[in-house]
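Peer 1: Sharing a structure, written as structure tokens. Questions coming.
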Amino acid sequence: MALDARGTTIDSTLMERIRATFTPVPEARPKFSNANFRSTKFTRTADFQGATFTGRTSFANATLAGNGNFHDATFTAEVDFDGTTFNDHTEFRRTKFHGEADFRNAKFNNESDFSDASFIGQAYFRRATFTERALFHGATFADTADFADSTFIKDALFGRTKFATNSHFSGVTFTEDVTFHCGNFAERAYFYDATFSGDARFNRATFGEAVFDRSKFEKLEWLGPLIANHVSLQQASFNKLVVIEVESGKISCTRTRFSDGVEMRVRYGQVDLSQVFFGSASSLSTSVTRFRKITSGGTPEIVRASDDLISSWRQPFGSVDHRPVVTSLRGTDVTELALTDVDLRWCRFAGAHHLDKLHIEGDTPFPRPPRSRWRSSRQVLFEEHPWRADLKRQVGWHAGAPSDPSADRNEHVGAERLAALYRSLRKALEDGKNEAGAGDFYYGEQEARRHAPSTSRAERSILWVYWLISGYGQRASRAFAALTVLLVAVTALLIGCGLPGSGPTSQSVASTKVGAGGLSETVTTTTDSPAVLPPSGERWTWSRAGNASRIALGAVVFRDAGQKLATAGTWTVMAARFLGPVLLAFAVLAIRARVKR
């Protein structure tokens with residue numbers, strides 16, 4: 001039987017009569033069909049506890065002056081509370097909404113309790129106002145949950161709430177604390193333009209995708225630990241120092257403001273820090289152990305994603321462990337930022353400000369060049385990969401990162417800019433006492449300079465020789481190899497055209513002179529014999545080779561063997577005395593660069 005009470009004023013007596021009329025048998029639950037309470041005024045408690053509403057039910061624009069008791073009620077079809085005013089305590093505990101539940105523009109002027117309620121159909125709380133505490137603890141939303149533009153004046157509790165599809169909290173204002181402890185958002189949770197004036201507890205919450213774009217966190221000090229495929233904090237603002245703990249496939253922080261700094265602890269996934277504002281000392285690191293949270297019983301509980309989910313997060317970047325992959329620092333002032341135990345193999349540094357002030361600590365790998373027999377193994381910046389790939393002569397370099405949009409793949413860094421990046425980051429590593437890494441970046445800087453169009457031909461030639469003989473003073477093996485080549489060449493030249501043959505090295509001539517008083521005097525004059533090379537067939541002997549090698553080694557360390565040489569041999573030794581110590585110095589410097597503390 002249908003009930004039409006539109007515009008009626010219902011007091012406690014009339015409420016009892018209505019319950020009795022629609023209760024089929026004593027002690028049974030009331031049953032209403034197509035009940036219409038639009039614009040109705042309930043002066044006392046609206047007691048619908050345990051009632052079943054079939055067909056369309058409307059409480060639109062109704063006013064409940066007393067308690068609204070819908071505890072254990074069941075709505076089998078759509079129900080309309082649009083514009084309803086609940087002036088006293090409202091209870092929807094364990095209420096079941098099988099159809100659409102419309103609470104748009106509703107006003108809850110006292111505590112509202114939706115604990116363990118089930119929303120099988122779509123639930124709309126858009127522009128609703130919760131003046132006192134709102135309880136949704138343990139509620140289940142099987143379809144869309146829309147709280148957009150709602151206002152929660154007091155605490156809002158969504159602990160252990162389950163959202164099976166998208167949930168919308170865009171534009172919501174949480175004036176005091178809000179709790180999503182252990183909440184389960186199976187798909188996207190939208191918090192666009194939300195305002196969190198108090199604390200926001202998302203510890204151990206899981207998301208398909210958590211979108212906090214343009215949200216304002218005024219007092220939040222701790223976010224997480226939470227699990228999500230994607231956490232978006234783009235253009236969000238945090239007014240206080242905040243700790244963020246996330247186990248995620250992707251974190252987007254483009255244009256996020258951390259006015260008092262942030263301590264981000266991330267496991268897995270990729271982190272985009274483009275155009276971020278760090279107002280104070282900040283850090284991004286990983287956690288070797290999984291995140292743990294103390295339960296109400298006092299025992300630590302591990303927070304983690306499934307193995308299949310973690311595997312899908314690792315796959316695009318080839319990650320081998322729990323370290324997050326930083327993909328970009330473009331447009332960010334990194335003066336206050338420290339990176340510890342993160343993966344920088346795919347990071348774009350071009351466009352970042354004050355890179356020489358960046359703190360890089362722990363096990364933080366950079367990319368490597370493609371493997372080659374003739375190519376030095378060293379740390380490089382990712383920007384070198386697309387630059388080398390554009391040269392076309394280079395094989396195995398990456399044209400772009402897996403996360404790069406197709407449009408960004410063409411925005412490559414040129415040689416001059418690449419040299420500047422290496423120079424700034426080299427300074428950062430030197431300040432961090434990472435001399436080996438700084439040496440690799442010095443190598444990359446000189447490589448970029450050597451290929452830069454602005455480098456003159458003469459300077460490019462000098463850099464090429466510098467690279468060839470010592471790897472820009474960073475490769476001791478090349479310096480020793482060049483020194484070996486020098487010794488072999490000097491030895492060969494001495495054997496072929498520098499060492500004279502055997503025979504007297506000087507000639508003495510005696511002459512007699514008659515002096516004053518008729519006395520005779522014998523004078524011996526000694527002259528050097530010209531160096532004469534032996535016949536070509538007698539030059540290449542083991543004896544001459546040994547003698548030539550000793551002279552060559554002596555020349556390198558400025559020792560004079562006292563051996564008479566042909567003119568060509570003299571010039572050869574002079575060249576060895578200049579080049580040998582230079583190559584030795586390069587080798588010593590390269591070794592020192594690797595072991596310097």
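Peer 1: Mind listing just one residue for me: the one in the range 334-369 that is in contact with a Lys or Arg (Cβ under 9 Å, 6 or more places away or on another chain) and surrounded by fewer than 18 Cβ atoms within 10 Å (Cβ to Cβ) and, of those, nearest to Phe278 (Cα to Cα)? Let's see the steps before the verdict.
Peer 2: Of the range 334-369, the ones in contact with a Lys or Arg (Cβ under 9 Å, 6 or more places away or on another chain) are 334-337, 341-343, 345, 348-352, 355-357, 363-369.
From what's left, surrounded by fewer than 18 Cβ atoms within 10 Å (Cβ to Cβ): 335, 351, 356-357, 363, 365, 368.
Numbers: Thr335: 8, Gly351: 16, Asp356: 16, Lys357: 13, Asp363: 23, Pro365: 23, Arg368: 29 Å.
It comes out as Thr335.
Peer 1: Okay, moving on. Which members of the range 302-337 meet the condition of being part of a loop (DSSP other than H, G, I, E, B) and of a type in the set (Lys, Arg)? Show your work before the answer.
Peer 2: Applying the first criterion (part of a loop (DSSP other than H, G, I, E, B)) to the range 302-337 yields 304-306, 318-324, 329-332, 334-336.
Of everything in the range 302-337, those that are part of a loop (DSSP other than H, G, I, E, B) and of a type in the set (Lys, Arg) turn out to be Arg304, Arg323, Arg330.
Peer 1: Within the range 541-556, how many residues are among the hydrophobic types (A, V, I, L, M, F, W, C) and open to solvent by less than 20 Å² (accessible area, probe 1.4 Å)?
Peer 2: Taking the range 541-556 and keeping what is among the hydrophobic types (A, V, I, L, M, F, W, C), we get 542, 545, 548, 551-553, 555-556.
Next, from what is left, pick out any that are open to solvent by less than 20 Å² (accessible area, probe 1.4 Å): 548, 551-552, 555-556.
Residues meeting the conditions: 5.
Peer 1: Taking the condition part of a strand (DSSP E or B), of a type in the set (A, V, I, L, M, F, W, C), buried (at least 19 other Cβ atoms within 10 Å of the Cβ) and within 33 Å of the chain's Cα centre (by Cα), does Ala148 pass?
Peer 2: Details: part of a strand (DSSP E or B): no; of a type in the set (A, V, I, L, M, F, W, C): yes; buried (at least 19 other Cβ atoms within 10 Å of the Cβ): yes; within 33 Å of the chain's Cα centre (by Cα): yes.
Taking the combined requirement at face value, the residue does not satisfy it.
Peer 1: Determine which member of the set Asp356, Asp363 is touching a helix residue (DSSP H, G or I) at 6+ places or on another chain (Cβ under 7 Å), among the acidic types (Asp, Glu) and closer than 18 Å to Gln379 by Cβ. Steps first, please.
Peer 2: Numbers: Asp363 fails: touching a helix residue (DSSP H, G or I) at 6+ places or on another chain (Cβ under 7 Å).
Answer to the selection: Asp356.
For (1) open to solvent by less than 40 Å² (accessible area, probe 1.4 Å); (2) touching a strand residue (DSSP E or B) at 6+ places or on another chain (Cβ under 7 Å); (3) part of a helix (DSSP H, G or I); (4) closer than 25 Å to Gly351 by Cα, each residue gets a yes or a no:
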{"residue": "Ala419", "(1), (2), (3), (4)": "yes, no, yes, yes"}
{"residue": "Gly439", "(1), (2), (3), (4)": "yes, no, yes, yes"}
{"residue": "Gln446", "(1), (2), (3), (4)": "yes, no, yes, yes"}
{"residue": "Thr455", "(1), (2), (3), (4)": "yes, no, no, yes"}
{"residue": "Arg478", "(1), (2), (3), (4)": "no, no, yes, no"}
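Peer 1: Another one. Pull up the range 6-26, narrow it to residues that are among the charged types (D, E, K, R) and assigned to a loop (DSSP other than H, G, I, E, B), then point me to the one that is least open to solvent (accessible area, probe 1.4 Å). Working first, answer last.
Peer 2: From the range 6-26, those among the charged types (D, E, K, R) are 6, 11, 16-17, 19; that's our starting set.
Narrowing further to those that are assigned to a loop (DSSP other than H, G, I, E, B): 6, 11.
Values: Arg6: 139, Asp11: 70 Å².
The extreme case among them is Asp11.
Peer 1: What do you reckon, is Thr173 modelled with pLDDT under 95 and farther than 21 Å from Arg204 by Cβ? Talk me through it step by step, then tell me what you get.
Peer 2: Values: modelled with pLDDT under 95: no; farther than 21 Å from Arg204 by Cβ: yes.
The answer is no for Thr173.
Residues are listed down the side, and each one gets a yes or a no for (1) over 18 Å from Arg133 (Cβ atoms); (2) of a type in the set (Asp, Glu); (3) touching a residue at least 24 places away in the same chain (Cβ under 8 Å):
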site	(1), (2), (3)
Ala60	yes, no, yes
Asn69	no, no, yes
Thr74	yes, no, yes
Asp82	yes, yes, yes
Asn87	no, no, yes
Thr95	no, no, yes
Glu100	yes, yes, yes
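Peer 1: For residues in the range 281-290 being open to solvent by less than 40 Å² (accessible area, probe 1.4 Å) and outside any strand (DSSP E or B), which is nearest to Gly351 (Cα to Cα)? Before you say what the answer is, go through the steps one by one.
Peer 2: Step one: list which residues in the range 281-290 are open to solvent by less than 40 Å² (accessible area, probe 1.4 Å), which gives 282-287.
If we keep only those that are outside any strand (DSSP E or B) as well, we get 286-287.
Numbers: Thr286: 25, Ser287: 28 Å.
Restricting to residues being open to solvent by less than 40 Å² (accessible area, probe 1.4 Å) and outside any strand (DSSP E or B), the top hit is Thr286.
Peer 1: Specify which of the listed residues (Asp113, Asp102) is under 21 Å from Arg160 (Cβ atoms), open to solvent by 10 Å² or more (accessible area, probe 1.4 Å), at pLDDT 95 or above and not small (Gly, Ala, Ser).
Peer 2: On the way: Asp102 fails: under 21 Å from Arg160 (Cβ atoms).
Going through Asp113, Asp102 in turn, the sole match is Asp113.
Peer 1: Output the number of residues of the range 540-559 satisfying the condition of being of a type in the set (Ser, Thr, Tyr) and outside any helix (DSSP H, G or I). Working first, answer last.
Peer 2: To start, the set of residues in the range 540-559 that are of a type in the set (Ser, Thr, Tyr) comprises 541, 543, 549.
Narrowing the set further to residues that are outside any helix (DSSP H, G or I) leaves 541.
The total comes to 1.
Peer 1: Turning to a different aspect of this structure: Hey, can you tell me all the residues within the range 27-58 that are open to solvent by 10 Å² or more (accessible area, probe 1.4 Å) and assigned to a loop (DSSP other than H, G, I, E, B)?
Peer 2: Let us first name the residues in the range 27-58 that are open to solvent by 10 Å² or more (accessible area, probe 1.4 Å), namely 27-29, 31, 33-34, 36, 38-39, 41, 43-45, 47, 49, 52, 54-56.
Of everything in the range 27-58, those that are open to solvent by 10 Å² or more (accessible area, probe 1.4 Å) and assigned to a loop (DSSP other than H, G, I, E, B) turn out to be Glu27, Ala28, Arg29, Arg38, Ser39, Thr43, Arg44, Thr45, Gln49, Gly55, Arg56.
Peer 1: Would you check which residues across the range 377-397 are crowded, with 17+ Cβ neighbours inside 10 Å, part of a loop (DSSP other than H, G, I, E, B) and either modelled with pLDDT under 85 or in contact with a helix residue (DSSP H, G or I) (Cβ under 7 Å, 6 or more places away or on another chain) (or both) and list them? First the steps, then the outcome.
Peer 2: Step one: of the range 377-397, the residues crowded, with 17+ Cβ neighbours inside 10 Å are 378-389, 397.
Remaining after also requiring part of a loop (DSSP other than H, G, I, E, B): 378-383, 397.
Arg378, Gln379, Val380, Leu381, Glu383, Trp397, listed by residue number.
Peer 1: Yes or no: Asp143 at pLDDT below 95, open to solvent by 10 Å² or more (accessible area, probe 1.4 Å) and part of a loop (DSSP other than H, G, I, E, B)? Spell out the reasoning first.
Peer 2: Numbers: at pLDDT below 95: yes; open to solvent by 10 Å² or more (accessible area, probe 1.4 Å): yes; part of a loop (DSSP other than H, G, I, E, B): yes.
Answer is yes for this residue.
Peer 1: Taking the residues in the range 449-504 that are of a type in the set (Phe, Trp, Tyr) and free of Cβ contacts under 8 Å to residues at least 40 places away in the same chain as candidates, determine which candidate is nearest to Ala593 (Cα to Cα). Even if it seems obvious, please write down each step before you answer.
Peer 2: Taking the range 449-504 and keeping what is of a type in the set (Phe, Trp, Tyr), we get 464, 466-467, 472, 480.
After this cut, where a residue has to be free of Cβ contacts under 8 Å to residues at least 40 places away in the same chain as well, the list is 464, 466-467, 472.
Numbers: Trp464: 20, Tyr466: 16, Trp467: 16, Tyr472: 12 Å.
Filtering the range 449-504 for residues that are of a type in the set (Phe, Trp, Tyr) and free of Cβ contacts under 8 Å to residues at least 40 places away in the same chain, the one nearest to Ala593 (Cα to Cα) comes out as Tyr472.
Peer 1: Continuing with the same structure: What pairs come up if the first residue lies in the range 304-318 and is within 17 Å of Pro225 (Cα to Cα), the second is of a type in the set (A, V, I, L, M), and their beta carbons are under 9 Å apart, counting only those six or more places apart or on different chains?
Peer 2: That search, which allows pairs on different chains as well, returns Arg304/Ile227; Arg304/Ile310; Ala305/Ile227; Ala305/Ala228; Leu309/Ile227.
Peer 1: Then there is this: Which of the residues spanning the range 181-226 are among the hydrophobic types (A, V, I, L, M, F, W, C), open to solvent by 10 Å² or more (accessible area, probe 1.4 Å), over 18 Å from Thr144 (Cβ atoms) and under 22 Å from the mean Cα position of the chain (by Cα)?
Peer 2: Kept after step one, since they are among the hydrophobic types (A, V, I, L, M, F, W, C), are these residues of the range 181-226: 182, 185-186, 189, 191, 194, 196, 200, 202, 205, 207, 210-212, 217, 220, 222-223, 226.
So of that shortlist, the ones also open to solvent by 10 Å² or more (accessible area, probe 1.4 Å) come out as 182, 186, 207, 222.
This time we only want the ones that are over 18 Å from Thr144 (Cβ atoms), so: 182, 222.
Passing the criteria: only Trp222.
Peer 1: Consider Ser232 carefully, then state whether it is under 19 Å from Ala305 (Cβ atoms) and touching a Leu at 6+ places or on another chain (Cβ under 7 Å). Steps first, answer last, please.
Peer 2: Numbers: under 19 Å from Ala305 (Cβ atoms): yes; touching a Leu at 6+ places or on another chain (Cβ under 7 Å): no.
In short, no.
Peer 1: Could you go through the range 576-590 and let me know if any residue there is outside any helix (DSSP H, G or I) and either modelled with pLDDT under 70 or open to solvent by 40 Å² or more (accessible area, probe 1.4 Å) (or both).
Peer 2: Residues of the range 576-590 that are outside any helix (DSSP H, G or I), as a first pass: none.
Looking for residues that are outside any helix (DSSP H, G or I) and either modelled with pLDDT under 70 or open to solvent by 40 Å² or more (accessible area, probe 1.4 Å) (or both), one finds none in the range 576-590, hence no.
The values are calculated or read from the model by the stated rules, or taken from the named source; none is laboratory data. Just so it is clear, the structure is predicted and the values come from calculations on it, not from any experiment. All Cβ positions, even for glycine, are placed from backbone atoms using ideal geometry, and neighbour counts span all protein chains on display. Surface accessibility is based on the protein's heavy atoms, side chains included, excluding ligands, DNA and RNA. Shrake-Rupley method; radii C 1.70, N 1.55, O 1.52, S 1.80 Å.
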